[in-house]
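Read-outs throughout are calculated quantities, based only on the coordinates presented, and are distinct from any laboratory measurement. Quick caveat: nothing in here was measured; it's all calculated off a predicted structure. Neighbour counts are summed over all protein chains in view; Cβ atoms, including those assigned to glycine, are modelled from backbone coordinates with ideal geometry.
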Amino acid sequence: MAGTRSRPSTADRVLIAGASGDTGHELLSALRPTDLTVRATTRSYAAVDTLERLGADEVVVADFFEPADAVAAVEGCDLVYCALGTPPGLAHMIGGKLVDRTGVINLVTAAMGADASHFVLESAIGVGSSKARLSLPARLMIRGSLRAKQDAETALRRSGLNYTIIRPGKLTNAPPSEEPVVGEGGNSVSGSIPRADVARLMAAAPFTADARNRTFEVVSRDGLTDTPRNLVNVGWEFERLDGLEWTEQDRLHS
């Protein structure tokens, strides 16, 4: 474990897997005001200092293709936020051994062994039942990645863990819109959404009773590209992210 700085022992530990990616950076920002101890993972020692500057209390260098690394990363963590993903490239089309599948499944298995309270997975519109909301050319371009993410979603649903799956539309680095449009059931919404909005939804999910064991498709209102269907009203506990500490009451309601 590298780059650890202490926090009060009363704060419980959460894991951000894939913290060195853009969504991972936004998750660090969303969780920084809380009293939770945030453990971040990266595959590169060069990213350790950056993650610490962004607010990580602990940084673990881990390769989630290795089951032992997944076990070490999740040890002692109450919550797992998974923002693992394959960098843009040919692998998105042809598939094969992708962290979207193998790495996520290793992390799910490790979270089961660690008795984690909640697992939040960043997936994508176009996966599984939501494929109709991604154009055919786009699906063909990333078909390998979509299949991998579908396998990861299935593994999480079957794991017995409390979970929330967030399927965002096209991710952007735009400023947060704070107007997410949330659908459920697959054929619900299409469009784009700032990563900051996705991170905020992910961060709040474990503390939101309405989000437990559900899969949502999300875009921003400004990013909608088609008429939305099957919208749902979720009482996201965003205010809990300000000075939040994971309490015994939260555990009882998980």
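Under a no-solvent Debye model with one identical scatterer per Cα of the range 13-252, what's log10 I(q)/I(0) at q = 0.10, 0.14 Å⁻¹?
Debye curve over Cα of the range 13-252, log10 I(q)/I(0) at q = 0.10, 0.14 Å⁻¹: -0.41, -0.85.
Please identify every one of the trypsin sites (Lys or Arg not before Pro) in the range 155-220 that sits in a loop by DSSP and has no more than 11 other beta carbons within 10 Å of its own beta carbon.
none
Grab the Cα-Cα distance for Lys170 and Ala132, subtract it from 0.36 nm times how many residues apart they are, and report the gain in nm with one decimal.
On the way: separation 38, 0.36 × 38 = 13.68 nm, distance 1.43 nm.
Net length gain for the segment: 12.2 nm.
Run the numbers for Arg214 and Asn230: contour at 0.36 nm per residue of separation, minus the present Cα-Cα distance, in nm.
4.4 nm
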